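Novice: Please read through the structure below; I'll follow up with questions.
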Amino acid sequence: MNSDINGNGCPLTNSPHYDFNTSSVVLPGFNATAGPGVPLFLSSKSCQLSFVVNIPPGFKFRINTVGYRGRYQLDNKVIANQKFLYFFQGQIAEATARSSISGPVSGKDYSNFESFSIPLFSPCGASTVLNLASSIGIDNRANKQGGGYISIDSLKIGHGQMYAFDWAKC
């Protein structure tokens, strides 16, 4: 499977680890932080993974849900935002899932599942490029003296796992 990676949340020195037996992607160093004295550019990060997918003749698929795990800490009125989207190269539409967490939260591990906004199917029975984009951010505008961080350690792709595929006949 050919793949590519791009974004300020997935630098080349911390390339993701792919395990195609479990369809997981480990993203070391994918974190955002904000607070007094922290440069603004550290408050949001993004990472896009692109995969060439060979779809069997007579079939198409979509991603139903996304799941992720990581860690966060948020002061009072500080918000962590997460956004995931996917699209197929050459299509205009994209499916989006998002969530927000509000502080105060004193250091917590988490795992979460989100549903995508629309049922976006792949082309029928053809090779295509699947793009998975993740972004995270910390917003401390409501508490300029407060801070926080969020990290995403891994995403999983697979039926019944953390990215849940739905297959259909064309």
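Novice: Only residues that are at pLDDT below 90 and at negative phi: list them for segment 27-45, please. Write out each step before concluding.
Specialist: We begin by selecting, within segment 27-45, every residue at pLDDT below 90; these are 27-31.
Hits for segment 27-45 are L27, P28, F30, N31.
Novice: Look through Q89, Q82 and report the one residue that is within 18 Å of Q48 (Cα to Cα), in contact (Cβ under 8 Å) with a residue 40 or more places away in the chain and under 11 Å from the mean Cα position of the chain (by Cα).
Specialist: On the way: Q89 fails: under 11 Å from the mean Cα position of the chain (by Cα).
Of Q89, Q82, the one residue that is within 18 Å of Q48 (Cα to Cα), in contact (Cβ under 8 Å) with a residue 40 or more places away in the chain and under 11 Å from the mean Cα position of the chain (by Cα) is Q82.
Novice: Within segment 1-26, how many residues are more than 13 Å from the chain's Cα centre (by Cα) and either modelled with pLDDT under 65 or in a helix (DSSP H, G or I) (or both)?
Specialist: 15
Novice: How many residues are touching an Asp or Glu at 6+ places or on another chain (Cβ under 9 Å) and β-branched (V, I, T) if we restrict to segment 118-154?
Specialist: Selection size over segment 118-154: 2.
Novice: Just to be sure before I move on: is Y72 among the hydroxyl-bearing types (S, T, Y), open to solvent by 50 Å² or more (accessible area, probe 1.4 Å) and in contact (Cβ under 8 Å) with a residue 60 or more places away in the chain in the structure I sent? Can you show your working first?
Specialist: Values: among the hydroxyl-bearing types (S, T, Y): yes; open to solvent by 50 Å² or more (accessible area, probe 1.4 Å): no; in contact (Cβ under 8 Å) with a residue 60 or more places away in the chain: yes.
For Y72, the condition - among the hydroxyl-bearing types (S, T, Y), open to solvent by 50 Å² or more (accessible area, probe 1.4 Å) and in contact (Cβ under 8 Å) with a residue 60 or more places away in the chain - is not met.
The values are calculated or read from the model by the stated rules, or taken from the named source; none is laboratory data. For clarity, every value in this text was computed on a predicted model and none was experimentally measured. Ideal geometry is used to build each Cβ from the backbone, glycine not excepted, and the neighbour counts take in all protein chains shown. With ligands, DNA and RNA removed, areas are computed over all heavy atoms of the protein, side chains included. Shrake-Rupley method; radii C 1.70, N 1.55, O 1.52, S 1.80 Å.
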